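I have placed the structure first, in the form of structure tokens, so that the comments after it can refer back to it.
The values are calculated or read from the model by the stated rules, or taken from the named source; none is laboratory data. All figures in this text were calculated on a predicted structure; none of them were measured in a lab. Cβ placement follows ideal geometry from the backbone for every residue including glycine, while neighbour counts extend to all protein chains displayed.
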Amino acid sequence: MQDLHKYTEEDFVYQRLLHYIREGFPDHRGQLPDECKPFWGVQSQLSLDDGLIINGCRLLIPSRLRQQVLTDLHASHQGTVRTKQRAWMVVYWPSSENDIDHVILSCKMCQDNLPSHSPEPIILKPKPECPFQEIAVDFCSYAGRDFLVMADCYTDWPDVVYMGELILPPRTYLLLYSRYSVALVSQMPSGQIKAPSLRQNYFRILHWNGALSTLRPPPPTPRATARLRPL
């Protein structure tokens with residue numbers, strides 16, 4: 001800790017930042033010296049503890065110690081994500097993430113241990129031209145009840161229909177499509193089906209009525225699931 005205080009006293013930017021934390025930041029970012037401008041966005045999170053600058057719960061590392069901290073963070077060769085996660089918990093400086101990226105990219109061991117197959121990009125289909133031209137539908141169960149869940153692919157408007165104890169596709173079809181007219185294309189998931197006979201029979205009747213043209217997306221992946229969560 002004594003060495004840390006010594007390095008902070010020798011760090012010009014650190015001392016200027018200490019002054020602004022104690023006396024207050026100027027009203028505009030342009031009034032800061034260039035070396036202090038990277039700290040403008042986190043000024044409300046900066047505080048002092050025993051003369052050391054803290055960003056939240058992370059210690060601001062003086063410039064002369066940053067290379068040593070990077071070496072310590074990288075010692076276990078856990079890759080970019082986990083190295084950054086360790087840094088996010090304890091240390092901070094404005095370019096820390098870029099510096100970690102550079103260290104990992106420069107490490108032969110880390111590059112040799114990368115997954116052999118890079119993640120495939122998510123293939124996005126063309127967006128519909130108008131509301132309810134295309135819908136996505138699926139079944140779900142909650143508290144022992146079955147529901148038909150629908151989402152408009154143009155507006156993300158959701159709708160849920162309680163199926164009751166008996167599945168009556170014509171009744172549900174009239175209820176659902178009387179609200180929005182008939183969709184031209186319907187998406188159904190192609191992953192594992194909890195109740196295949198229920199789902200297949202239901203949509204078979206809708207097809208028989210000439211209501212739907214079905215598009216089956218590829219099986220879900222973790223990246224695709226994460227993309228859909230905000231919807």
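Considering only segment 46-93, state which residues are of a type in the set (Phe, Trp, Tyr) and under 14 Å from residue 17 (Cβ atoms). Once the filter is applied, which keeps residues that are of a type in the set (Phe, Trp, Tyr) and under 14 Å from residue 17 (Cβ atoms), segment 46-93 yields 92, 93. For first residues located in segment 1-26 and farther than 11 Å from residue 64 by Cα, partners that are polar (S, T, N, Q) and not in a helix (DSSP H, G or I) and lie 6+ apart or on another chain with Cβ distances below 8 Å form the pairs 21/47. Take the residues in segment 10-59 that are closer than 15 Å to residue 96 by Cβ and β-branched (Val, Ile, Thr); name whichever of them is farthest from the chain's Cα centre (by Cα). Once the filter is applied, the top-ranked residue is 13. Is it the case, given these coordinates, that residue 54 is crowded, with 16+ Cβ neighbours inside 10 Å and part of a strand (DSSP E or B)? So residue 54 passes the test.
Among the residues of segment 60-95, those that are under 21 Å from the mean Cα position of the chain (by Cα) and touching a residue at least 12 places away in the same chain (Cβ under 8 Å) comprise 79, 80, 83, 84, 86, 87, 88, 89.
Examine segment 106-120 for a residue that is touching a strand residue (DSSP E or B) at 6+ places or on another chain (Cβ under 7 Å) and either over 27 Å from residue 10 (Cα atoms) or among the charged types (D, E, K, R) (or both), and state whether such a residue exists. Checking segment 106-120: not a single residue is touching a strand residue (DSSP E or B) at 6+ places or on another chain (Cβ under 7 Å) and either over 27 Å from residue 10 (Cα atoms) or among the charged types (D, E, K, R) (or both). For residue 127, the criteria (1) out of contact with any helix residue (DSSP H, G or I) (no Cβ under 8 Å at 6 or more places or on another chain); (2) in the same structural domain as residue 39 (by TED's automatic domain parsing); (3) in contact (Cβ under 8 Å) with a residue 24 or more places away in the chain hold in every case but one, which is (2). Looking at segment 57-74 only, could you name the residues that are surrounded by fewer than 14 Cβ atoms within 10 Å (Cβ to Cβ) and part of a loop (DSSP other than H, G, I, E, B)? Within segment 57-74, just 57 meets the criteria.
Just one of the listed residues (50, 99) is among the acidic types (Asp, Glu) and under 15 Å from residue 8 (Cα atoms), namely 50. Residue 197 passes every criterion in (1) at pLDDT 60 or above; (2) of a type in the set (Gly, Ala, Ser); (3) part of a helix (DSSP H, G or I) apart from (1). Taking residue 104, is it under 30 Å from residue 20 (Cα atoms), assigned by TED's automatic domain parsing to the domain that holds residue 35, at pLDDT 90 or above and not acidic (Asp, Glu)? For residue 104, the condition - under 30 Å from residue 20 (Cα atoms), assigned by TED's automatic domain parsing to the domain that holds residue 35, at pLDDT 90 or above and not acidic (Asp, Glu) - is not met.
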